[in-house]
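The values are calculated or read from the model by the stated rules, or taken from the named source; none is laboratory data. None of these values were measured; they are calculated from a predicted model. So basically every Cβ, Gly included, is an ideal-geometry build from the backbone, and we count neighbours across all protein chains shown.
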Amino acid sequence: MRQGREEQQARKEAERQAEEEAREAEAWAKKEAEEAKKAREAEYRAKKEAEWIERVKKAVKEGRFTQEEADEMIAVWRAQIAKDRAEREAEEAKRAKEAEEKARKEAEEAKKTRVAEAQASKKAEREAKERARIEAEEVRKAEEAEAQAREKPEREAKERAKLEAEEARKAEETGVQAKKKAEREAKERAKLEAEAQARKKVEKPRKAVSDVEPEIYRKNIQLIIPVAAGFKQVAKFKEYLEQVEGLTIVMTAGLVDEGSIIIVSAEKPIKLVHILNEMPMVESVHVKGEIIGIELKASSANEKGSSA
């Protein structure tokens, strides 16, 4: 494509040069013709002048004119000839000047045409280069898009495999952690059950909790609620415990024979028996060392029944 454009430009340049050479040859031939014409006219005038002078001289010899008259006639005739020659030369100079001006204008027009053609040629070349660049860029982008389209399924497959492997690993870790947690909880429940079975049941006091001497507790205090208490009663009791300032529920467990066990811990020494006694849903408190048995009021039995 580029070679074709170069050949076209070379052909145009050759045609332009041929036209200029033809114009120059034509101008030269015209100039030579003019000079030859002038030479012929000058020769003709010189011949006619010589013939006329010979006739005048002959007339003088024949006595028709005197020598003075003949000289005067020759002078007048030569003056007229000089005048005519000057007028012709002025006219020729005028025509030459006009021709020169015309040639100059034609040369300027030709120069402008050449400049315009050169600019148009350069512009066409630039546009052709830009089109070629754009076409090459589009081809490159198409090839990249095609390559990406081929690579995309592979990347997606690798990414899916990676995600699946990661999910499988997380699932495996989660399963292992859940298994370990279940084992720890099972061991803890077994430990609590063993402690509960080895521990004697707390005897109920003969008097109300308000009559029991308040004791001070701090850490790892076990609160035991009998089986008879319903799930909602125990949950409500835990809510009361959570409201006690400085008291934290460490663990909650349920035993088939013993009921519910709640282990609490205090940040600082606390009169826990007195606090339990102040709770509206507590009926009585049974104290034995670090173990406190709690019996909830019978009025909460409805909650038990509704929970069942």
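Quick notes
- The residue pairs whose first member lies in segment 3-28 and is assigned by TED's automatic domain parsing to the domain that holds GLU117 and in contact (Cβ under 8 Å) with a residue 24 or more places away in the chain, whose second member is surrounded by 13 or more Cβ atoms within 10 Å (Cβ to Cβ) and in a helix (DSSP H, G or I), and whose beta carbons are closer than 6 Å, counting only pairs six or more residues apart or on different chains, are GLN9/SER121.
- Only one of the listed residues (ALA149, ALA128, ALA157, ALA120) is hydrophobic (A, V, I, L, M, F, W, C), out of contact with any helix residue (DSSP H, G or I) (no Cβ under 7 Å at 6 or more places or on another chain) and either assigned by TED's automatic domain parsing to the domain that holds LYS12 or not in a helix (DSSP H, G or I) (or both). That residue is ALA120.
- Enumeration of residues in segment 59-84 that are assigned to a helix (DSSP H, G or I), free of Cβ contacts under 8 Å to residues at least 24 places away in the same chain and surrounded by 12 or more Cβ atoms within 10 Å (Cβ to Cβ): ALA59, VAL60, GLU69, ALA70, ASP71, GLU72, MET73, ILE74
- Yes/no for ALA36 being aliphatic (A, V, I, L, M), free of Cβ contacts under 8 Å to residues at least 60 places away in the same chain and over 30 Å from GLU125 (Cα atoms): yes
- When the test is whether a residue is among the charged types (D, E, K, R) and either under 24 Å from GLU35 (Cα atoms) or not in a helix (DSSP H, G or I) (or both), GLU98 passes it.
- Exactly one residue among ARG114, ARG104 is modelled with pLDDT of 90 or more and either closer than 24 Å to GLN17 by Cβ or among the aliphatic types (A, V, I, L, M) (or both), and that residue is ARG104.
- If only residues of segment 245-273 that are outside any strand (DSSP E or B) and either of a type in the set (Gly, Ala, Ser) or under 24 Å from ARG189 (Cβ atoms) (or both) are counted, the one that is modelled with the lowest pLDDT is VAL256.
- Within segment 229-243, restricting attention to residues that are assigned to a helix (DSSP H, G or I) and in contact with a helix residue (DSSP H, G or I) (Cβ under 8 Å, 6 or more places away or on another chain), the residue that is nearest to SER260 (Cα to Cα) is PHE231.
- Tallying residues that are more than 16 Å from HIS286 (Cα to Cα) and either within 60 Å of the chain's Cα centre (by Cα) or of a type in the set (Ser, Thr, Tyr) (or both) within segment 246-269 yields 9.
- Filter result (loosely packed, with under 12 Cβ neighbours inside 10 Å and among the acidic types (Asp, Glu)) within segment 31-58: GLU32, GLU35, GLU43, GLU51, GLU54
- Restricted to segment 244-290, and to residues there that are among the hydroxyl-bearing types (Ser, Thr, Tyr) and either surrounded by fewer than 18 Cβ atoms within 10 Å (Cβ to Cβ) or not assigned by TED's automatic domain parsing to the domain that holds ILE221 (or both), the residue that is nearest to GLY230 (Cα to Cα) is THR252.
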